[in-house]
Amino acid sequence: MHTVATEESGRTRILLAAGEVDAFAAPDLVSAFLEIHGATHVLVDLTRVSFMDSTALGAIVRNVRELGEDGAEVQVVLPSGSARRIFEITTLDRVLPVAPSRDEGLAALGAD
């Protein structure tokens, strides 16, 4: 089971994912990214993700890249525990604009 939602904090749009984020959840991720398309400050909060597969990871990486190419500042808060492993194995934890926590990600984006 998973949830994907969007919310706002000041001038920052937040994509919040939770639970098992896999191929079944990927369309929900894509829809949420479409909803925040055009935002100039985006935080992708994955702290509540318990599992992630390569399909969902690909959707996140592709959309984070596209947001950056469109001029958005983006921060990604990675999950902890076993869900983080896919980021470490692929070294995406070193490539993505990663923040250690939601608060630090918002601060890096200059959230009000």
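The values are calculated or read from the model by the stated rules, or taken from the named source; none is laboratory data. Since we're looking at a predicted model, the values are computed, not measured. Here the Cβ is made from the backbone with ideal geometry for all residues, glycine too, and neighbour counts use every protein chain on show.
What the table below lists for this structure:
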{"quantity": "The listed residue being farther than 22 Å from residue 104 by Cα and touching a residue at least 24 places away in the same chain (Cβ under 8 Å), out of 30, 77, 44, 61", "calculated": "30"}
{"quantity": "Residue match in segment 52-63 (condition: touching a Leu at 6+ places or on another chain (Cβ under 9 Å) and surrounded by fewer than 15 Cβ atoms within 10 Å (Cβ to Cβ))", "calculated": "no"}
{"quantity": "Unmet requirement for residue 34, which otherwise passes all of (1) touching a Gly at 6+ places or on another chain (Cβ under 7 Å); (2) within 19 Å of residue 7 (Cα to Cα)", "calculated": "(1)"}
{"quantity": "Leading residue by the ranking (surrounded by the most Cβ atoms within 10 Å (Cβ to Cβ)) among those in segment 5-43 that are among the β-branched types (Val, Ile, Thr) and under 20 Å from residue 78 (Cβ atoms)", "calculated": "21"}
{"quantity": "Residue 73 being over 13 Å from the mean Cα position of the chain (by Cα), surrounded by 13 or more Cβ atoms within 10 Å (Cβ to Cβ) and either charged (D, E, K, R) or at pLDDT 95 or above (or both)", "calculated": "no"}
{"quantity": "Subset of segment 85-104 (residues that are of a type outside the set (A, V, I, L, M, F, W, C) and under 18 Å from residue 62 (Cα atoms))", "calculated": "88, 90, 91, 93, 94, 97"}
{"quantity": "Residue match in segment 81-104 (condition: buried (at least 21 other Cβ atoms within 10 Å of the Cβ) and closer than 17 Å to residue 7 by Cα)", "calculated": "no"}
